[in-house]
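Structure first, commentary second.
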């Protein structure tokens, strides 16, 4: 659809003249952008195309830290972020606000839903997977707010929202990689502790023991001080404890989502409330 409009798939061509000399209107780009966003939803494990991510955490924790925290799942976010100049085009003002609101809604719903599922999960890697979904949803909400503000002509606020979303992407990648590596250390030690307590010959008991089940864990901080400190720092950033990087990026996203509401985007109130409830 974009190729039919621009006769090219190069971002340089599209961003160089989004209107193609005034021949392309904002309404012509609604469906191409929505279709691209659907692909981003699946790539970044957002509702309703989210079910694959928890089951993809079966690999070694260093691989999970690299692929599922810092690279692969961020590809969808990257593509949405690259759409930002199209929303900023002055001649498209107001024509793409519904697409931006859709991005924010998907983010708000996923942030709240994934956090609720993580609360009742017992597998430590699945908890981190749902946490990843929720944190990526924060960034989608921030990008949706940024695109709406840009499309409505509030360039200064749009840049604030865009910066907060990108800052949270960086914060999440660093903190979640730390959490994945720490969880790998815990799983490794749980496995060896079980073997030490029951011996290698206890085949039946070993078969039923799950070193990733958090119900089998407890009292590990005194025995693994370095791992517990790393996990605490990563958790504090993900939670958004004040004066840590995650706090500033989350505060920026929630603040700019509220700013969208104040500027007339009443429809963002629901995803903003969901994101705020996820914070609480």
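The values are calculated or read from the model by the stated rules, or taken from the named source; none is laboratory data. For clarity, every value in this text was computed on a predicted model and none was experimentally measured. Neighbour counts run over all protein chains shown; Cβ positions are idealised from the backbone, glycine included.
A single entry from 132, 141 fulfils the requirement of being in contact (Cβ under 8 Å) with a residue 60 or more places away in the chain, surrounded by 24 or more Cβ atoms within 10 Å (Cβ to Cβ), more than 15 Å from residue 268 (Cα to Cα) and under 12 Å from the mean Cα position of the chain (by Cα): 132.
For residue 233, indicate whether it is touching a helix residue (DSSP H, G or I) at 6+ places or on another chain (Cβ under 9 Å), surrounded by 16 or more Cβ atoms within 10 Å (Cβ to Cβ) and in a loop (DSSP other than H, G, I, E, B). Quick ask: steps written out before the conclusion?
On the way: touching a helix residue (DSSP H, G or I) at 6+ places or on another chain (Cβ under 9 Å): yes; surrounded by 16 or more Cβ atoms within 10 Å (Cβ to Cβ): yes; in a loop (DSSP other than H, G, I, E, B): no.
No; evaluated as a whole, the condition is false for this residue.
Yes/no matrix, rows are residues, columns are (1) surrounded by 15 or more Cβ atoms within 10 Å (Cβ to Cβ); (2) at pLDDT 90 or above; (3) closer than 21 Å to residue 131 by Cβ; (4) touching a strand residue (DSSP E or B) at 6+ places or on another chain (Cβ under 7 Å):
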{"site": "58", "(1), (2), (3), (4)": "no, no, yes, no"}
{"site": "61", "(1), (2), (3), (4)": "yes, no, yes, no"}
{"site": "66", "(1), (2), (3), (4)": "yes, no, yes, no"}
{"site": "77", "(1), (2), (3), (4)": "yes, yes, yes, no"}
{"site": "89", "(1), (2), (3), (4)": "yes, no, no, no"}
{"site": "100", "(1), (2), (3), (4)": "yes, yes, no, no"}
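For residue 52, state whether it is at pLDDT 90 or above and exposed (fewer than 15 other Cβ atoms within 10 Å of the Cβ). Against the criterion (at pLDDT 90 or above and exposed (fewer than 15 other Cβ atoms within 10 Å of the Cβ)), residue 52 does not qualify. Just one of the listed residues (216, 259) is crowded, with 16+ Cβ neighbours inside 10 Å and either at pLDDT below 90 or within 17 Å of the chain's Cα centre (by Cα) (or both), and it is 259.
Here is a yes/no grid of residues against (1) assigned to a loop (DSSP other than H, G, I, E, B); (2) closer than 29 Å to residue 156 by Cβ:
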| residue | (1), (2) |
| --- | --- |
| 4 | no, no |
| 9 | yes, no |
| 15 | no, yes |
| 21 | yes, yes |
| 64 | no, no |
| 91 | no, yes |
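On the basis of being exposed (fewer than 14 other Cβ atoms within 10 Å of the Cβ) and modelled with pLDDT under 80, does residue 200 make the cut?
Working: exposed (fewer than 14 other Cβ atoms within 10 Å of the Cβ): yes; modelled with pLDDT under 80: yes.
Yes, satisfied.
Report whether or not residue 11 is under 28 Å from the mean Cα position of the chain (by Cα), surrounded by fewer than 18 Cβ atoms within 10 Å (Cβ to Cβ), in contact (Cβ under 8 Å) with a residue 24 or more places away in the chain and closer than 22 Å to residue 95 by Cα. So residue 11 fits the description; yes. If you go through region 91-108 one residue at a time, do you hit one that is within 24 Å of residue 213 (Cα to Cα) and within 12 Å of the chain's Cα centre (by Cα)? The answer is no; no qualifying residue exists. In the condition set (1) modelled with pLDDT of 85 or more; (2) in a loop (DSSP other than H, G, I, E, B); (3) more than 14 Å from the chain's Cα centre (by Cα), residue 34 is compliant with all but (2). The set of residues from region 236-256 being surrounded by 19 or more Cβ atoms within 10 Å (Cβ to Cβ) and part of a helix (DSSP H, G or I) comprises 237, 238, 246, 249, 250, 252, 253, 254, 256.
Filtered by the rule that a residue be without any contact (Cβ under 8 Å) to a residue 60 or more places away in the chain and crowded, with 16+ Cβ neighbours inside 10 Å, region 107-120 gives 117, 118.
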